[in-house]
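Each remark here refers to the structure printed beneath this line.
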Ligand code: NAI
Ligand code: MG
């Protein structure tokens, strides 16, 4: 039996509540399907700071590097507002992303049929929506140098951020985009602003070259990122995979996310480069939402974003495609049955808590 090593980092606030529902799934899959998951648990965020003064310990960092995949809950909360910048809860997540070199951030926007009516867009625009935004996560303007505020001495200051992309960074993110597209509807739309940015000129050129060299079976289109934002709201179903840089991806993925309703529904994956010997990738899976201190401890958090993140883990880290499909179908099915956590509640539906929602999904699997 294959061993599949998972590191669970539940974190703070509703993180542990949502993770508890994933643990039920892992236990069930081990017991009933011989899935061979081996789990370890670690501390990240505020709870780690409380335990040992760091937002993630070196020992837990080593476990993350050794695991086949990391499942991450959420970190932060008002309790840690005053802690020093370097050890604030978010620093733990940033360290994981940096040391695991998780350059590819996958944010699916899927509209479950049962929720189409509650979207802020017209039901026909979002019904059946299933797109994937791929955001470059370790380069671009958030990291480029120089990055500083200079005192100009005349009462003026200058704030500088620098957008930098090298060929290899664009090649590897576009490679992931084309490979993902092949497992979906085989279409990639690359978004940049080559009309006003040099890094955009290079982005477009390298994506096109990568396509020509290795992925010409995939349909590739290019779109200016601002127009892309418009198209995402106008007719999102025209897209399959969208690949874009760190800054545009940050915004476009948030826009796409909201097409589908509640924050409590949105999963994500962050992937590293494949290992040269084994071909396996470092990977971290987490819900898009934060620690939701306003509802933590009440048993009302929606566990679906965390559970859907686990489905992505099955799909992308373990190639358990059937199992991932089955889990996503179980989520759709409980929604079809009218079960709703508080954040999704609408008239005529049945309100359930975190545990009952998790149990219902386990039962449907
Ligand atoms: P948030 O995502 O924690 O909450 C925003 C709103 O959505 C709240 O009203 C919350 O109750 C609701 N919500 C979020 N997830 C939900 C779920 N699963 N079910 C039901 N309702 C849900 O964002 P906020 O309030 O801006 O930040 C709270 C804390 O989380 C802060 O300390 C922030 O720094 C941290 N944070 C951590 C992230 C992470 O761990 N990756 C990401 C975003 C924020
Ligand atoms: Mg954002």
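In table form, for the structure just shown:
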item: Pick from the stretch 274-298, criterion more than 7 Å from ligand 1 (Cβ to nearest atom) and loosely packed, with under 13 Cβ neighbours inside 10 Å, ranking: nearest to residue 254 (Cα to Cα); result: 297
item: Residue within the stretch 255-268 that is at pLDDT 95 or above, closer than 28 Å to residue 90 by Cα and within 16 Å of ligand 1 (Cβ to nearest atom) present; result: yes
item: Residues of the stretch 320-364 satisfying the condition of being touching a residue at least 12 places away in the same chain (Cβ under 8 Å), surrounded by fewer than 19 Cβ atoms within 10 Å (Cβ to Cβ) and assigned to a loop (DSSP other than H, G, I, E, B); result: 337, 338, 346, 353
item: Set 302, 319: member being in contact with a helix residue (DSSP H, G or I) (Cβ under 6 Å, 6 or more places away or on another chain) and over 16 Å from residue 28 (Cβ atoms); result: 302
item: Selection status of residue 232, within 16 Å of ligand 2 (Cβ to nearest atom), without any contact (Cβ under 8 Å) to a residue 60 or more places away in the chain and more than 20 Å from residue 142 (Cβ to Cβ); result: yes
item: Residue satisfying all of: in the stretch 236-254; under 15 Å from residue 127 (Cα atoms) and part of a loop (DSSP other than H, G, I, E, B); farthest from ligand 1 (Cβ to nearest atom) among these; result: 240
item: Positions within the stretch 300-319 being within 11 Å of ligand 1 (Cβ to nearest atom) and assigned to a loop (DSSP other than H, G, I, E, B), in sequence order; result: 300, 301, 302, 303
item: Strands (runs of 3 or more DSSP E) fully within the stretch 112-167 counting 2 or more residues that are in contact (Cβ under 8 Å) with a residue 40 or more places away in the chain, under 26 Å from the mean Cα position of the chain (by Cα) and surrounded by 11 or more Cβ atoms within 10 Å (Cβ to Cβ); result: 130-136
item: Filter result for residue 173 (at pLDDT 95 or above, within 24 Å of the chain's Cα centre (by Cα) and closer than 20 Å to residue 280 by Cα); result: yes
item: Residue identified as under 19 Å from residue 17 (Cα atoms) and away from ligand 1 (no atom under 12 Å from the Cβ) among 102, 71; result: 71
item: Per-region count, the stretch 15-47, residues more than 21 Å from the chain's Cα centre (by Cα) and over 29 Å from residue 83 (Cβ atoms); result: 13
item: So residue 268, is it assigned to a strand (DSSP E or B) and closer than 24 Å to residue 100 by Cβ; result: yes
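The values are calculated or read from the model by the stated rules, or taken from the named source; none is laboratory data. Small disclaimer: the values here were computed from a predicted structure and weren't measured. Methodologically, a virtual Cβ is constructed for each residue, glycine included, from the backbone with ideal geometry; neighbour enumeration extends over all protein chains shown.
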